[in-house]
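A single structure is presented below for examination.
The values are calculated or read from the model by the stated rules, or taken from the named source; none is laboratory data. These figures come from a predicted structure and were not determined experimentally. For neighbour counting, all protein chains shown are included, and Cβ atoms are generated from backbone atoms with ideal geometry for every residue, glycine included. Heavy atoms of the whole protein, side chains included, go into the accessibility calculation; ligands, DNA and RNA do not. Shrake-Rupley method; radii C 1.70, N 1.55, O 1.52, S 1.80 Å.
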Amino acid sequence: MVDFTLNAEVRSDLGKGASRRLRRNAGNVPAVIYGGDKAPTSITLVGKDLAKMLESEAAFASVITLKVGGSNESVLVKALQRHPSKGYVMHADFLRVIAGQKLTAHVPLHFMNQETSVGVKQQGGEILHTINEVEVSCLPKDLPEFIEVDMAKVELDQIVHLSDLNVPAGVELVSLAHGSDLPVASIHMPRIREEAADGAAEEGAAE
């Protein structure tokens, strides 16, 4: 598990104008921490530090330590507001994490053994990803950085569902718990080859 830590300062100058000044004059990012039994706290982060952390996929599914005013806050990245064209973060929302209390978070899926999959290597199919992340419920200590999807034995026209995933102990898939066994990935014949095969069949029938 990667250890993510950011320094932050409590922000008292609130409002859209104040946020614009923060970004323009110092390259800082306004943010808010909420949740738990505390009132929301408005903070300021160093923009380049936040951007560097967010380069890691794991940052979106890890408990982050925010050092604020001499104390530490354990949080999750809950929402990011980005510039529509330049992509940098304009505002961040962090959710407090309470030890011993379950949390919900979105965790990325890592697809393994795709090129050597039976349906690809032996049967000539291609893999389609239906979803690339899942929502999980677990204690903070059990939060995984990612969940693997092993495609090694998946065959042509076979679908991998949430119930097929090997989920770590203590981790629950939210959709599956609610009775929705969503498709995750499948292997199918490439469309061009399907069309070529259909065309050949039609020509054969015409003869």
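Tell me, yes or no, whether the stretch 174-186 has at least one residue that is assigned to a helix (DSSP H, G or I) and either at pLDDT below 95 or not aliphatic (A, V, I, L, M) (or both).
yes
A further question on this structure: For the stretch 109-137, name all the residues that are in a strand (DSSP E or B) and touching a helix residue (DSSP H, G or I) at 6+ places or on another chain (Cβ under 6 Å).
Result: Glu135, Ser137.
Let me ask you something else. Among the numbered criteria (1) free of Cβ contacts under 8 Å to residues at least 40 places away in the same chain; (2) surrounded by 15 or more Cβ atoms within 10 Å (Cβ to Cβ); (3) within 24 Å of Asp142 (Cβ to Cβ), which one does Gly35 miss?
All conditions pass for Gly35, except number (1).
Kindly indicate whether any position in the stretch 188-204 is touching a helix residue (DSSP H, G or I) at 6+ places or on another chain (Cβ under 9 Å), modelled with pLDDT of 95 or more, assigned to a loop (DSSP other than H, G, I, E, B) and surrounded by 15 or more Cβ atoms within 10 Å (Cβ to Cβ).
no
Being without any contact (Cβ under 8 Å) to a residue 60 or more places away in the chain, closer than 30 Å to Ile187 by Cα and hydrophobic (A, V, I, L, M, F, W, C) is true for just one of Ala79, Ala105, Ala99. Which residue is that?
The unique qualifying residue is Ala105.
Separate question: How many residues are open to solvent by 20 Å² or more (accessible area, probe 1.4 Å), within 28 Å of Val63 (Cβ to Cβ) and assigned to a strand (DSSP E or B) if we restrict to the stretch 138-172?
3
So Asp13 fits all but one of (1) assigned to a loop (DSSP other than H, G, I, E, B); (2) at pLDDT 90 or above; what number is the exception?
(2)
Assess whether Ser62 counts as being surrounded by 16 or more Cβ atoms within 10 Å (Cβ to Cβ) and either within 16 Å of the chain's Cα centre (by Cα) or modelled with pLDDT of 95 or more (or both). Please lay out each step first, then the result.
Numbers: surrounded by 16 or more Cβ atoms within 10 Å (Cβ to Cβ): yes; either within 16 Å of the chain's Cα centre (by Cα) or modelled with pLDDT of 95 or more (or both): yes.
So Ser62 fits the description; yes.
Here is a yes/no grid of residues against (1) in contact with an Asp or Glu (Cβ under 7 Å, 6 or more places away or on another chain); (2) open to solvent by 20 Å² or more (accessible area, probe 1.4 Å); (3) more than 16 Å from Gly47 (Cβ to Cβ); (4) at pLDDT 90 or above:
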{"residue": "Glu73", "(1), (2), (3), (4)": "no, yes, yes, yes"}
{"residue": "Leu76", "(1), (2), (3), (4)": "no, no, yes, yes"}
{"residue": "Ala79", "(1), (2), (3), (4)": "yes, yes, yes, yes"}
{"residue": "Tyr88", "(1), (2), (3), (4)": "no, yes, no, no"}
{"residue": "His91", "(1), (2), (3), (4)": "no, yes, no, yes"}
{"residue": "Leu95", "(1), (2), (3), (4)": "no, yes, yes, yes"}
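Could I ask something else about it? Within the stretch 44-53, how many residues turn out to be in contact (Cβ under 8 Å) with a residue 40 or more places away in the chain and open to solvent by less than 50 Å² (accessible area, probe 1.4 Å)?
4
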